[in-house]
1. Scan the range A:36-70 for residues that are in a helix (DSSP H, G or I), polar (S, T, N, Q) and within 12 Å of chain B (Cβ to nearest Cβ) and report the count.
2. Mind checking whether some residue in the range B:396-404 is polar (S, T, N, Q), within 14 Å of another protein chain (Cβ to nearest Cβ) and under 19 Å from the mean Cα position of the chain (by Cα)?
3. Does the range B:167-179 contain at least one residue that is of a type outside the set (S, T, N, Q), part of a loop (DSSP other than H, G, I, E, B) and within 14 Å of chain A (Cβ to nearest Cβ)?
4. Criterion first (surrounded by 15 or more Cβ atoms within 10 Å (Cβ to Cβ), under 17 Å from the mean Cα position of the chain (by Cα) and more than 12 Å from every other protein chain (Cβ to nearest Cβ)) does residue A:234 satisfy it?
5. Suppose we keep only residues that are of a type in the set (Val, Ile, Thr) and either closer than 18 Å to residue A:100 by Cβ or touching a residue at least 40 places away in the same chain (Cβ under 8 Å) (or both) within the range A:202-231. Which one would you say is surrounded by the most Cβ atoms within 10 Å (Cβ to Cβ)?
6. Can you tell me which residues in the range B:139-189 are of a type in the set (D, E, K, R) and either assigned by TED's automatic domain parsing to the domain that holds residue B:96 or more than 25 Å from the chain's Cα centre (by Cα) (or both)?
7. Exactly one of (1) within 13 Å of chain B (Cβ to nearest Cβ); (2) within 14 Å of the chain's Cα centre (by Cα) is unmet by residue A:243. Its number?
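The values are calculated or read from the model by the stated rules, or taken from the named source; none is laboratory data. None of the values given here were measured: they were computed from a predicted structure. All Cβ positions, glycine included, derive from the backbone under ideal geometry; neighbour counts span all protein chains shown.
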Amino acid sequence: MALSLAETESVSAGLRRRSRSHSLYPHWFYLPAAIIFGVLYLLPTLAALYFSLTRWSLYDATFIGFDNFAQFFREPFLIQGVINTLIFATTTSAAKTVIGLLLAMLLTSPVLGRGYLRAVVFFPTLVSTVGVGITFEVMMHPTQGVINQALATLGIEGPGWLVDPRLALYSIILVEVWKGVGIATVIFMAGLVSIPREYYEAATVDGANGWQRARRITLRLVWPATGSVIILSLLGGLRTFDLIMTMTGGGPGFASDVISSIVYKQYQAGFYGLSAAGNVVMTVLIAAIGIPLYAAIRSREVDR
Amino acid sequence: MLKHTRTPVLVASTAIAIGLASIGSALADPVTLSFLFGNDPTRLAGAQEVVKAFEVANPDIKVELETRTLDATGDNLVKTRLATGEMTDMFFWNSGALFQTLNPDHTLVDLTDEPFEANIIDSYKPVVTAKGRIYGAPWGTAMGGGVIYNKPVFKKLGLSVPKSWAEFMANNEKIKAAGIAPVIQTFGTDWTAQIFVLADFYNVISADPSFAADYTANKAKYATTPVALQGFQHQEDVFKAGFLNKDFASATLEDGLRMVANGEGAQYPQLSFAIGDIKETYPDKINDIGYFALPGEDAQHNGLTVWMPDAIYIANTSPHIAEAKKFVAFLESVPGCDALSRVGLPAGPYLVKGCTLPSNVAPAVADLLPYFQKEGATAPALEFLSPVKGPLMPQITTEVGSGTRSGLEGAKLYDDDVHKQAQQLGLPGW
């Protein structure tokens, strides 16, 4: 509450000022935001960095240098968790981008029941992730779940969606795509409707066919939206947690563990320093993937 | 009486309301103690019964039960609330190794010098002691770790209770041939996967009496001590032989109890507290259920691994420590265990002096008692002899029991897991 209030204040203050002159804000205008950022983000980050170098019981911390990091990288299932994280982030991001673009193209065209379809696509985004996770956990139950019971009426024996170690991660990916594709679609729709009609008319006059128009105009000019979708879904995927915890808890065994669930389990076991180290590792990994990717996407944007 | 004073507004007649209010003001303002308990229905019913009896004996103190889940998430809630000073006045938690993870000297009230300690059997005290001080008091009875079995299935197939692992596996062959799942596993409730390893500990310590001490001192490992490795290997063998129920990967504790009570499965390795759950849920099947210790290699040394009761603790942030101590004192007295016996089904002997079991215990509990009565036929589980317990055992044993990791690999992984815990506790030698 305090955060949003202060944000609005500083934003509106900034707007007023800008309308009068182009000079920078007085420095004290930065103060509320700086205090909030410092207390809520900067300090905890620095504290986490310090505690990641200690063996910490919440009451006392023993400095142990980089032992936690060494230990974290020795976790036998960590490699599996990193691979799972990358699989999860890339496949959900790719699927959301492709499906989101196709849906956006469909939903910006004059299709019957467009408003209804838009609502249907966006709806899963509005539902709590925990609710979605628990619902699908029930629906994907191997014998009593509605999915396998439906398959059974067709004479198909459905797989153990969440209990088969080879399948569990991919079942969660399916649900994540279903849940997240609505946001991607909305971003793409905004990108698509902002492309001026004249380009298509000119291209049609020049004799371009539908495929050429889609490839040369739509894909090019929707690129800023594509970039946003890729970045948002990839970073969201890298730090995914709630859906995995509610659907499998990282199981069976360690089959669907990702970095964040491994970190959480260290915390749960009372290894606070170790889990702080895990979070530092995750932050670095996300930055190492996110920053170059963002730069690459920005450099490909074309001027209209 | 006090209950009525809380709802005077609901009473239509002013006269009655005034009358009740005057009764209320005649007594001192009641102190309300909050008590965080597990949501297991049988044990919760026991807690409610104890609270009721306590409130009758102490009309100026009320106890409000809060519940939590008894899984990793619920455990996390307890640790977080303790660490942030938000804990209820009293709470329910494991004794033994898991008690050590609570940082007792920072978070709990020292009960060492309380008069009720004289009522508690001495063998219990080490499992709630940290740095020489006692912080917990037993909740209910000790319990066994072994196998719940369906007696009609055994009778129909002419089987007898196995005393060795070889007999157990031979029984399983016959049960499987009869089209019944010989061994029930329920990895949908992940902690239940651990029983093959944890309940095998009697067999470990009877073959290697120094294992617990060596293990704490980082001198013995599961993977390199053949008799300790056995538990993991047995679990692997049972899976490989195809002895498990078909839905072992998704079944839950409740499913497992249903299967063994109805004879859909013959044997369910499980802690004996679950006998009480069967009595609650399938009261007409309780006489079909028996219990035996998890057998080891040697039929001559057949005995039971015993779980000490969980404990009640008082958080040192409580504003009502004196009243909370009264509640604990009541629990550790004969009226306290009588209240527990009224609703629950005792799963073993009480650790409070003077407390006796009701005479009409269920057959499965009657199967347990001879182990306790015979000298040397019980041994505490490892977590009560050593503070070292790795947090990942449920996941590791789920993998071993599902055939995705071998018993040996599982034991190695568990040894690594334990290493972190020992370091976190600051034990010497790690």
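1. Residues meeting the conditions: 1.
2. Checked the range B:396-404: at least one residue is polar (S, T, N, Q), within 14 Å of another protein chain (Cβ to nearest Cβ) and under 19 Å from the mean Cα position of the chain (by Cα).
3. No, the conditions are met nowhere in the range B:167-179.
4. Here the answer is yes, as residue A:234 does meet what is asked.
5. A:229
6. B:155, B:156, B:167, B:173, B:174, B:176
7. Here residue A:243 clears every test but (1).
Rundown of residues vs (1) touching a Ser or Thr at 6+ places or on another chain (Cβ under 9 Å); (2) in a helix (DSSP H, G or I); (3) surrounded by 20 or more Cβ atoms within 10 Å (Cβ to Cβ); (4) at positive phi, yes/no style:
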{"position": "B:188", "(1), (2), (3), (4)": "yes, no, yes, no"}
{"position": "B:193", "(1), (2), (3), (4)": "yes, yes, yes, no"}
{"position": "B:203", "(1), (2), (3), (4)": "yes, yes, yes, no"}
{"position": "B:206", "(1), (2), (3), (4)": "no, yes, no, no"}
{"position": "B:222", "(1), (2), (3), (4)": "no, no, yes, no"}
{"position": "B:234", "(1), (2), (3), (4)": "no, yes, yes, no"}
{"position": "B:237", "(1), (2), (3), (4)": "no, yes, no, no"}
{"position": "B:246", "(1), (2), (3), (4)": "yes, no, no, no"}
{"position": "B:268", "(1), (2), (3), (4)": "yes, no, yes, no"}
